[in-house]
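**Q** Below is one structure. I have some questions about it.
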Protein chains: 2
Amino acid sequence: MKNITIYDIAKEADVSVTTVSRVLNGTAPVKASTKEAVLRVIEKHKFQPNALARSLIKKETGTIAMIVPDITNPFFPEVFWGSENEAREKGYTFFLCNSAGEYGRESEYLSILREKRVEGIIFVGGRINLANCPPELVQEVVDTAKGIPVVLVNGHLAKSQLHRVYTDEAAGAALAAQHVIDLGHREIAFIGGMEELTTTIQKVKAVKRKLEEHGLGLRKDRLLFGEFSITAGRELMAKLLEQADRPTAVICVNDFTAIGAIKAATERGLRIPDDISIVGFDDSPLSTAVIPELTTVTQNTNELGKLAVERIYQINNGLPAKRSTVLQPKLVVRQSTGRAPGMA
Amino acid sequence: MKNITIYDIAKEADVSVTTVSRVLNGTAPVKASTKEAVLRVIEKHKFQPNALARSLIKKETGTIAMIVPDITNPFFPEVFWGSENEAREKGYTFFLCNSAGEYGRESEYLSILREKRVEGIIFVGGRINLANCPPELVQEVVDTAKGIPVVLVNGHLAKSQLHRVYTDEAAGAALAAQHVIDLGHREIAFIGGMEELTTTIQKVKAVKRKLEEHGLGLRKDRLLFGEFSITAGRELMAKLLEQADRPTAVICVNDFTAIGAIKAATERGLRIPDDISIVGFDDSPLSTAVIPELTTVTQNTNELGKLAVERIYQINNGLPAKRSTVLQPKLVVRQSTGRAPGMA
DNA sequence: GGCAGACATGAAATGGGTTTCATAGCCAGC
DNA sequence: GCTGGCTATGAAACCCATTTCATGTCTGCC
């Protein structure tokens, strides 16, 4: 069951393959009658040109890729959505590579994607969030970027000069801190996130600075790290609440953690926000699903994905492409934060 | 900035391209010293063979695709995770195509994927859930399946004989219904899901039958349709609660809807499950995130994805492949269901 | 010593398109 | 009637691998 090729079409339509190619691509004028005849044969066999052969000679595959650590974490589908939508318009098809958080798989995929000659790679999460990314992991990406446009979303690789699109997470965390301070809170904690990731580090640093600006500090026992999951948030919050003098406000590394925190607090009979305030980060759809609805920091996640594809497109088409684009997050005040207890 | 090819390597290593190819693929023995020399040159230039050229002649692309309606709906990433993991092991890379619920985009992608010569397409959601899928939309998929293995996940296309992997959703809905009946509920409602989708229809039918088995009925005003979203669940539940005689148990088409329902009930001051019981469907991570934790029906979503890839692999390798695989769902009882009010 | 068979290697065909360059036919203008 | 300039079309080169088939060398065995 041989595939039909452009040669078969040419023979049957009694023209040369050149003419068939021209009909397919409109690269040169073809007499109306000839064109019709060719199209008829194409239609008859439902012929579709082999994209591999075309890509091989045109050196364009029309594919790009995204590497994510965990597609079941709702942040990533959100980025993907933004990227995919833009990609479709630009004529790209998308490889989605899930690394399951293993750097080895990222490397593996990087290699496969190079072989497949993708025209762009969007890296989000994984090694690009590592505060101390091993040089060889950095090098792989840098080397890849020599041949293929690489865009890092919400991440960074030291001294790499790679294209970046990211949210100012520190600014977002500062907003969250300012918010609870304004509400009169003085006993403030931060929970969640892996300690070695920049996502975590930046936020912690920003919260610390903001507290210090107001003569407050972030106590060591009120800074707890862990996964980005609901479960982790719940456990970390439980730990906080066991302390003799529990905080009155908790800033969480992301919405998942915050939701876990809400659970832990509610389970212990605390009222939110009367007894304790909780702030999330990301403004995922979940933030309005929980009770009370979550005060959180919104980053324009779709836009992040969209911009990444835009960069790739620009680079591939010799258009000017900003090396670094930063989006400013906003605070969304909902129901999980309120005035500090005893502040009326 | 020309790409290096196998010819460049051959020339520099002073051998033929045949030999280089053999070194790369191990398809024939090569003298150790020659091999080393070739490898040295390859390493030096970090040469990676062009997958397009290879695919063209081998007629194997090592790529498969998944078409989903909405990757931000957590059900789909879960399926994808299962598929991707299996695909990696089998040496496939994954295209992810998001149709945004538009059938036109599905068609578009189908065409692109054929051109790109993917070795399998996993269809989940979208037209395959349409109770009355227009013949031309069916035909497209059937035609595609003549050249490429197609597997439908949790869906179906009338008279199509396509490979399928799915959860017995009717059985799941029956479990949910039986559960609330066992708890003494008599006033039972069903909410959510688009009316024209089989996912919805099957569940409704199963719930109806189960109620009838127990001499109960599903009143028309207790059967409300809508989107699969949290918002929709909230609105539909609100409508139910406005009714003079509100139900004591509500079965929801999925977890999202159920979470919306919980919100609506809580907002009206109802206690769950004391005043009203709520059941979800899917057992998504969210089901343990909400308060109270959701009683729901669990389908082994990862497995669904995994099995789909397995089928594709089997078909492509001439192994026996079951045309239809059905997974049995299970009920997970948590906190959102309890005895009917007044049943002690 | 001679020949079969194993081993190492290369030339050329192949896959299915696109593109360059050449050619043929036709009309207008002088 | 001849030439310049279009338009329409085709032959062949090219993209970059894999694979078949052929060739040359070496070894083993009778």
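The values are calculated or read from the model by the stated rules, or taken from the named source; none is laboratory data. Every value quoted in this text rests on a predicted model; they were computed, and no experiment measured them. Every residue, glycine as well, gets a Cβ built from its backbone with ideal geometry; the counts of neighbours run over all protein chains shown. What goes into the accessible areas is simple: the full protein's heavy atoms, side chains included, and nothing from ligands, DNA or RNA. Shrake-Rupley method; radii C 1.70, N 1.55, O 1.52, S 1.80 Å.
**Q** Once the Cα gyration tensor of chain A is found, what semi-axes does its equivalent ellipsoid get, as square roots of 5 times the eigenvalues, in whole Å, sorted largest first?
**A** 52, 20, 17
**Q** Using r as the Cβ-Cβ distance of A:K159 and A:R186, and R0 as 45 Å, what FRET efficiency do you calculate, to the nearest 0.05?
**A** 0.65
**Q** While we're on this one: Could you order peptides A:159-167, A:324-332, B:172-180, B:315-323 by the average number of other Cβ atoms within 10 Å of their residues, highest first?
**A** Top of the packing list down: B:172-180, A:159-167, A:324-332, B:315-323.
**Q** Going by amide H atoms built from the backbone, whose H comes under 5 Å of the H on B:V332, apart from near neighbours?
**A** Hits under the 5 Å cutoff: B:T296, B:V297, B:T298.
**Q** Let me make sure I get this right: for segment A:169-299, a, b and c are the square roots of the gyration tensor eigenvalues over alpha carbons, sorted descending. Under 1.5 in a/c it's rounded, otherwise prolate if a/b > b/c, else oblate. Which is it?
**A** Taking the square roots of the gyration eigenvalues as a ≥ b ≥ c, segment A:169-299 is rounded.
**Q** Using the Karplus equation 6.51 cos²θ - 1.76 cosθ + 1.60 (θ = phi - 60°), what ³J(HN,Hα) coupling, rounded to whole Hz, does each residue of segment A:50-65 give in order, writing x for Gly and Pro?
**A** 6, 5, 5, 4, 4, 4, 4, 7, 7, 6, 9, 9, x, 10, 10, 9
**Q** Counting partner chain Cβ atoms within 10 Å of every residue's Cβ in A:46-52, what's the average?
**A** 6
**Q** Would you mind classifying the protein assembly as shown by shape? Square roots of the alpha carbon gyration tensor eigenvalues, ordered a ≥ b ≥ c; an a/c under 1.5 is rounded, otherwise it is prolate if a/b is larger than b/c and oblate if not.
**A** It is oblate, given that a/c is not under 1.5 and a/b is not larger than b/c.
**Q** Per residue in segment B:277-304, which ones lose no less than 50 Å² of accessible surface when going from chain alone to all protein chains (1.4 Å probe)?
**A** Relative to the lone chain, where solvent access is computed with a 1.4 Å probe, segment B:277-304 loses at least 50 Å² at B:A289, B:I291.
**Q** In the protein assembly as shown, what % of DSSP beta bridges are antiparallel (nearest 5)?
**A** In the protein assembly as shown, DSSP labels about 15 percent of beta bridges as antiparallel.
**Q** Using Cα atoms only, what is the angle between the long axis of helix A:255-267 and the major principal axis of chain A, expressed in degrees (0 to 90) to the nearest 10?
**A** Rounded to the nearest ten degrees, it is 40.
**Q** What base-10 log of the normalised intensity I(q)/I(0) is obtained for segment B:6-49 from the Debye formula, alpha carbons as equal point scatterers, at q = 0.29 Å⁻¹?
**A** Normalising to I(0) and taking log10 leaves -1.08.
**Q** Right, here's the next one. Between helix B:169-182 and chain B, what is the angle of the helix's C-alpha long axis to the longest principal axis, kept within 0 to 90° and rounded to the nearest 10?
**A** Long axis of B:169-182 versus the principal axis of chain B: about 30 degrees.
**Q** Once the Cα atoms of helix A:135-147 and of chain A are each reduced to a long axis, what angle between those two axes, in degrees from 0 to 90 to the nearest 10, is obtained?
**A** 40 degrees
**Q** Going by average Cβ neighbours within 10 Å, how do the peptides B:139-147, B:230-238 rank, with the highest at the top?
**A** Packing proxy ranking, top to bottom: B:230-238, B:139-147.
**Q** Estimate the FRET efficiency between B:D168 and B:N132 by the formula 1/(1 + (r/R0)^6), using the beta-carbon distance for r and 30 Å for R0, to the nearest 0.05.
**A** 0.90
**Q** If packing is taken as the mean number of other Cβ atoms within 10 Å per residue, what is the order of B:278-284, B:152-158, B:265-271, highest first?
**A** Result, highest mean Cβ count within 10 Å first: B:278-284, B:152-158, B:265-271.
**Q** Still on this structure: Using 25 Å as the Cα-Cα cut-off, could you pick out the over-long pairs in B:K146/B:K203; A:K46/B:K58; A:K31/A:K90?
**A** Beyond 25 Å between Cα atoms: B:K146/B:K203; A:K31/A:K90.
**Q** Explain nothing, just compute: Karplus ³J(HN,Hα) = 6.51 cos²θ - 1.76 cosθ + 1.60, θ = phi - 60°, for every residue of segment B:72-85 in order, whole Hz, x for Gly and Pro.
**A** Karplus-based 3J(HN,Hα) across segment B:72-85 equals 7, 7, x, 4, 6, x, 5, 4, 4, 3, x, 5, 4, 4 Hz.
**Q** Let me ask another. Efficiency by 1/(1 + (r/R0)^6): what FRET value for B:Q139 and B:R271, r their Cβ-Cβ distance, R0 = 51 Å, to the nearest 0.05?
**A** Approximately 0.45, to the nearest 0.05.
**Q** Past 20 Å, Cα to Cα: identify those pairs from A:K11/A:K44; B:K35/B:K59; A:K59/A:K159; B:K210/B:K263; B:K205/B:K239, in the order given.
**A** B:K35/B:K59; A:K59/A:K159; B:K210/B:K263; B:K205/B:K239
**Q** Can you give me the Cα centroid spacing of segment B:135-155 and segment B:26-52 in angstrom?
**A** 41 Å
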